[in-house]
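Please treat every number below as a calculation from the coordinates, not as lab data. This one's a predicted model, so the numbers in the text were calculated from it and none came from an experiment. Quick reminder, even Gly has a Cβ in these numbers, built from the backbone with ideal geometry, and neighbours come from all protein chains shown.
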Amino acid sequence: MISVCHLYPDLLNLYGDRGNVIAFRRRCQWRGIPVSVREISLYDTIDFKEHDFVFIGGGSDREQNLIAADLMKRKEGFKEAIEEGLVILAICGGYQLLGQYYLTRDGETIPGLGVMDFITRAGDKRLVGNVVIEMDIGGLSVKVAGFENHSGQTYLGDCMPLGKVLSGNGNNGADSLEGVRYKNVFCSYLHGPLLPKNPRLTDHLISIALERRGMGCKLTPLDDNFEDRACMAIMRRLGFKKITGGSKMQGKK
Ligand code: GLN
């Protein structure tokens with residue numbers, strides 16, 4: 001049994017973020033892997049050690065602010081689980097909350113969990129639109145498509161990006177970096193939702209979650225025709241012809 005935790009689904013769920021949990025669960029179920037999903041919000045108790053995959057979505061500054069104090073109370077358990085290899089996908093607002101802080105347009109500092117070395121500050125204009133990044137998935141260079149809409153601009157310190165921006169803005173619109181990757185934590189600005197139309201990434205998350213449980217095996221291939229067509233619909237608009245292959249990712253570190 002793979003145990004999924006959806007953090008703050010009632011507060012952080014922009015642009016279909018919930019679809020990430022649905023895609024993760026469905027791709028397990030299609031292969032006969034049983035999955036349980038637990039939704040955890042403000043004041044609920046949680047033991048991160050009991051979970052294999054944690055998803056946290058994006059939200060407005062207001063919602064991030066509401067969550068920050070609650071998340072902070074979970075800091076030690078969360079940090080420990082991350083160090084022990086818990087698989088996490090954090091999108092946009094959820095991503096920002098895992099860093100040092102987020103300085104909003106109103107000059108307010110929303111504290112982050114500080115589990116990774118990056119900061120976010122609001123820019124003068126919102127970064128909005130479709131995005132294509134290139135990232136390494138199990139040694140293969142894969143293009144991943146999504147949609148971004150954020151005012152926060154993220155700058156990485158001593159941590160690795162998730163991918164390189166091929167089209168769109170990503171972390172800050174300036175350094176061509178997108179997201180953060182640390183141990184089994186995947187942070188990204190890509191809504192859309194991300195996982196349904198990027199099945200290689202979804203399967204990678206499933207694989208490492210299974211491996212960590214000692215249930216590692218080669219995943220049964222699925223027919224990804226619809227998923228790939230959804231991805232290509234965006235990619236083609238931005239001038240890309242193929243999902244896999246292409247240049248090697250060059251990021252920080
Ligand atoms: N409120 C944050 C920002 O504007 C996150 C937005 C989001 O999750 N899409 O940067």
For Leu97, net neighbour charge (Lys/Arg +1, Asp/Glu -1) across residues whose Cβ lies under 12 Å away: -1
Cα gyration tensor shape of region 1-145, rounded if a/c is under 1.5, else prolate or oblate by comparing a/b with b/c: oblate
Neighbour net charge for Gly152 - beta-carbon separation under 15 angstrom, K R +1, D E -1: -3
Phi to ³J(HN,Hα) by Karplus 6.51 cos²θ - 1.76 cosθ + 1.60 over region 42-50, Hz, x for Gly, Pro: 3, 6, 5, 8, 8, 10, 4, 5, 7
Whole-number D in µm² s⁻¹ for region 74-194, Kirkwood Cα-pair radius fed into Stokes-Einstein, 37 °C, 0.692 mPa s: 230 µm²/s
Calculated [θ] (222 nm, deg cm²/dmol) that DSSP helices of n ≥ 4 give over the chain, each run adding -39,500 (n - 2.57): -7500 deg cm²/dmol
Order of Cys217, Cys231, Cys187 - criterion: other Cβ atoms within 10 Å of each residue's Cβ, fewest first: Cys217, Cys231, Cys187
Chain lengthening between Glu84 and Thr109 when straightened (0.36 nm per residue, less Cα-Cα): 6.1 nm
³J(HN,Hα), Karplus 6.51/-1.76/1.60, whole Hz, each residue of region 22-27, x for Gly, Pro: 4, 5, 4, 5, 4, 5
Relative contact order (%) - region 60-137, alpha-carbon pairs under 8 angstrom, separation at least six: 26 percent
Hull volume in cubic angstrom per residue (convex hull over the Cα atoms of region 122-253): 111 Å³
Footprinting exposure proxy for Tyr155, Tyr43, Tyr95 (fewest neighbouring C-beta atoms within 10 Å first): Tyr43, Tyr155, Tyr95
Separation between Cα centres of region 112-184 and region 186-221, rounded to whole Å: 18 Å
Region 1-79 shape via C-alpha gyration tensor axes, a/c threshold 1.5: oblate
Relative contact order computed over the chain (Cα-Cα under 8 Å; 6+ residues apart), in percent: 20 percent
Ranking of Phe186, Phe24, Phe48 by count of other Cβ atoms within 10 Å, fewest first: Phe48, Phe186, Phe24
Estimated dipole of the chain in Debye, rounded to 20 [Cβ of Lys and Arg +1, of Asp and Glu -1, Cα centre]: 860 debye
Charge tally in the Cβ shell below 11 Å around Ile33, where Lys, Arg are +1 and Asp, Glu are -1, Ile33 excluded: +4
Cα-Cα P(r), region 91-152, percent of pairs per 10 Å interval: 21, 39, 33, 7, 0
Fully extended contour minus Cα-Cα distance, from Lys75 to Asn225, at 0.36 nm per residue: 50.0 nm
Karplus-derived 3J(HN,Hα), 6.51/-1.76/1.60, for each residue of region 205-222, Hz, glycine and proline x: 5, 4, 4, 6, 5, 5, 4, 4, 7, x, 10, x, 6, 6, 5, 4, x, 10
Residue of Phe78, Phe147, Phe226 that the Gaussian network model of the chain assigns the largest fluctuation, springs spanning Cα pairs under 10 Å: Phe226
Rg/Rh (Cα only; Kirkwood hydrodynamic radius) as it applies to region 158-234: 1.02
Under the Debye formula (equal points on every Cα, no solvent term), log10 I(q)/I(0) of the chain at q = 0.15, 0.16 Å⁻¹: -1.03, -1.19
